[in-house]
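Only one structure is covered here, and it is reproduced in the block below.
The values are calculated or read from the model by the stated rules, or taken from the named source; none is laboratory data. These numbers were taken from a predicted model, which means no experiment stands behind them. Neighbour counts run over all protein chains shown; Cβ positions are idealised from the backbone, glycine included. Just so you know, the surface numbers come from the protein's heavy atoms only, side chains and all, with ligands and any DNA or RNA stripped out. Shrake-Rupley method; radii C 1.70, N 1.55, O 1.52, S 1.80 Å.
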Amino acid sequence: MDMEKVNSMDFGEFVDVFGNVIEKCPLVAAAVWSQRPFSGLEDLEKHFFDFIDALPRSGHEGILRCHPDLAGRDLQQGTLTAESLREQSQAGLISLDSDDRLRLQQLNALYRKRFGFPFVLAARLSDRAAVPRELARRLHCQPESELRTALGEVKKICHLRLADLLGAGPASVEPLRGWGSERQQDAPQRGHPSPEPAPAWKDNPLTHTKQVEN
């Protein structure tokens, strides 16, 4: 898919195509649509990232809560989105034995209890052995730092999904502007202007998500 095609999409088609680059958050794509035309993949990606950065804390947590637990209930019940299923499959998480699955479920539960949102990781950049190690490590992070790290993982996932949709070939992940990471998690956050939302987008639940009290 080339950028000319993307820029020619009407509102409904754009949301249908890009509505899950941020997991189960088609409203982000709805807002990004109004920023056309895009000059390329990096420009399109920037608008997704800018929208996320402009949200309040409740919106950030709302985005994170849209993600499934890795190897969790949605996988067992067959309710993962197609993108999440493919990513968890690539990480080897759909073929865990019962002991490894139980360990991951226990770690996921501890993480949710500590932070109030699920553990988010760009699974296709990891593997079945590394996932629980990373989850256990991040359990010891401070809440503000972990929130930034988790949002950085959301952006990695977005980058990879956009590259897939635009046929960019094997997507490489580099430290682009605005990405969080465990090495950058204590750095000050940059401010980004809030993009103008799509006309039909007046009540954004991402800005009204109730915070979970720990």
Would a scan of segment 29-36 turn up a residue that is open to solvent by 20 Å² or more (accessible area, probe 1.4 Å), assigned to a helix (DSSP H, G or I) and either at pLDDT 95 or above or touching a helix residue (DSSP H, G or I) at 6+ places or on another chain (Cβ under 7 Å) (or both)?
yes
Assess whether L121 counts as being touching a residue at least 24 places away in the same chain (Cβ under 8 Å), open to solvent by less than 70 Å² (accessible area, probe 1.4 Å), outside any helix (DSSP H, G or I) and not hydroxyl-bearing (S, T, Y).
yes
Of (1) among the hydrophobic types (A, V, I, L, M, F, W, C); (2) at pLDDT below 95; (3) surrounded by fewer than 20 Cβ atoms within 10 Å (Cβ to Cβ), L55 fails just (2)
Of the residues in segment 1-28, those that are outside any helix (DSSP H, G or I), under 25 Å from G152 (Cβ atoms), in contact (Cβ under 8 Å) with a residue 12 or more places away in the chain and in contact with a helix residue (DSSP H, G or I) (Cβ under 8 Å, 6 or more places away or on another chain) come to N20, V21, I22, E23, C25
Scanning segment 127-144 for residues that are closer than 17 Å to F117 by Cα and not in a helix (DSSP H, G or I), the one most open to solvent (accessible area, probe 1.4 Å) turns out to be H140
TODO: Confirm whether E153 is without any contact (Cβ under 8 Å) to a residue 12 or more places away in the chain and farther than 17 Å from L27 by Cα.
DONE: no
Within segment 59-87, of all residues that are charged (D, E, K, R) and more than 24 Å from A129 (Cβ to Cβ), the one least open to solvent (accessible area, probe 1.4 Å) is E61
